[in-house]
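All of the numbers you see were taken from the coordinates with simple rules; none came from a lab. Only a predicted model underlies this, so the values are computations on that prediction, with no experimental measurement involved. Cβ placement follows ideal geometry from the backbone for every residue including glycine, while neighbour counts extend to all protein chains displayed.
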Amino acid sequence: MESGCKQLNTRKSIKIEEVVRTPVLRCMALEDLLDSDTRVFAKLEFLQHTGTFKARGALAILRGLDDQQLAAGVTAVSAGNHAIATAFAAKAVGTSAKIVMISTANPARIEACQTYGAELVMVDDIHAAFDIADRIREEEGRFMVHPFEGPEIANGTGTLGLEICDQIAHFDAIVVPIGGGGLIGGISRAIKQQRPGCQVIGVEPEGADSMHRSFAANEPKSIDKVRTIADSLGAPFAMPYSFALCKQYIDKLVLVDDMQLRRAMGLLVQTMKLSVEAACAASTAALFGPLREELRGKTVVLLFCGSNIDWATFSGQAIFEDLDAA
């Protein structure tokens, strides 16, 4: 558990010119619907390279590899977003990427990954995917770029927390989607160092609740299967480093179901003209669901983590409702 106590190393994480300092937006349309004096800001991280926060961690890892490791190339496991980020980072540093992707991954993500020149291995099961990636690592000597575990990932995602603290003078709470915990682990550590009184809240889909199970057991736990439309949050298990950060710095966890995610996707299109994936809508779903009363009257930051979704999939998932009745 000692890993969670280390301070954020900003100098070794990512060269500043390689990542976008994504904007923060005041969400007055959401505030009007809440009708509760709650002030809402969104960190638009879906405007990052590759469409998600994942580029921060992938670049942090690959920039730390030596010449021999770069010559051998890298591998990774992903439902899409981490695959795209790893392919992007590999191209940026001049190495090759062989990535194991889940066959149900969004077609737009598969195409984006191929655009960056990665070789793809498609499999049906997330647990089997990790086994195959391990075999690639052993047989081909490729470096495994983990999607959410390790200090480099936390340093990369921690830059998000530093940016938010620099961009918003005061906020009471931040709501962050959780997959494996690498995103919220890095963000929460950075924010708690800058704003110790800020409440850090993680949100998981009911069908991918590995962090809830891990918190209950006080050790990393797994789930047997991902059962949510938010496939980007479908980590099959928690791992020690990111779990330790989450246990130390997260104040609260909440769950949302797929119906809440669908409604949040529709709500963001209707109010802010943002067509984002279900994982990105999770923070909004939490604010309009289990956190609505708890955060009433406070200043809240929603982390909008990614937008890699094609229109056909989006239109099949999002639910559009009468906003006057919200």
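A protection proxy built from the mean count of other Cβ atoms within 10 Å ranks the segments 50-62, 149-161, 114-126, most packed first, as 50-62, 149-161, 114-126. In this simple spin-label approximation, GLU111 and GLU206 carry label points 7 Å from Cα along the Cα→Cβ vector, and these lie 3.3 nm apart. Between ILE132 and HIS170, the C-beta separation translates, for a Förster distance of 30 Å, into a calculated FRET efficiency of about 0.05. Around the Cα centre of the chain, unit charges on the Cβ atoms of Lys, Arg, Asp and Glu (plus for the first two, minus for the last two) sum to a dipole of about 860 debye.
Summing Lys and Arg as +1 and Asp and Glu as -1 over all other residues whose Cβ lies under 12 Å from the Cβ of ARG137 gives a net charge of -2.
Peptides 201-207, 303-309, 63-69 ranked from most to least packed, by the mean per-residue count of other Cβ atoms within 10 Å: 303-309, 201-207, 63-69. Taking Lys and Arg as +1 and Asp and Glu as -1, the other residues whose beta-carbon sits under 13 Å from that of GLU45 total +2.
What shape does the range 54-144 have by the C-alpha gyration tensor, where a ≥ b ≥ c are the square roots of the eigenvalues, rounded means a/c under 1.5, and otherwise prolate means a/b greater than b/c and oblate the rest? Oblate is the answer for the range 54-144, as a/c is 1.5 or above yet b/c matches or exceeds a/b.
Note on the chain: helix-only mean residue ellipticity at 222 nm, from DSSP H runs of 4+ residues weighted -39500 (n - 2.57) and normalised by residue number, equals -13000 deg cm²/dmol.
Think of the range 219-307 as a dipole: +1 on every Lys or Arg Cβ, -1 on every Asp or Glu Cβ, centred on the Cα centre; then among VAL254, THR284, CYS305, THR284 lies furthest on the positive end. LEU268 sits among other residues whose Cβ lies under 15 Å from its own Cβ, and their net charge, with Lys and Arg +1 and Asp and Glu -1, is 0.
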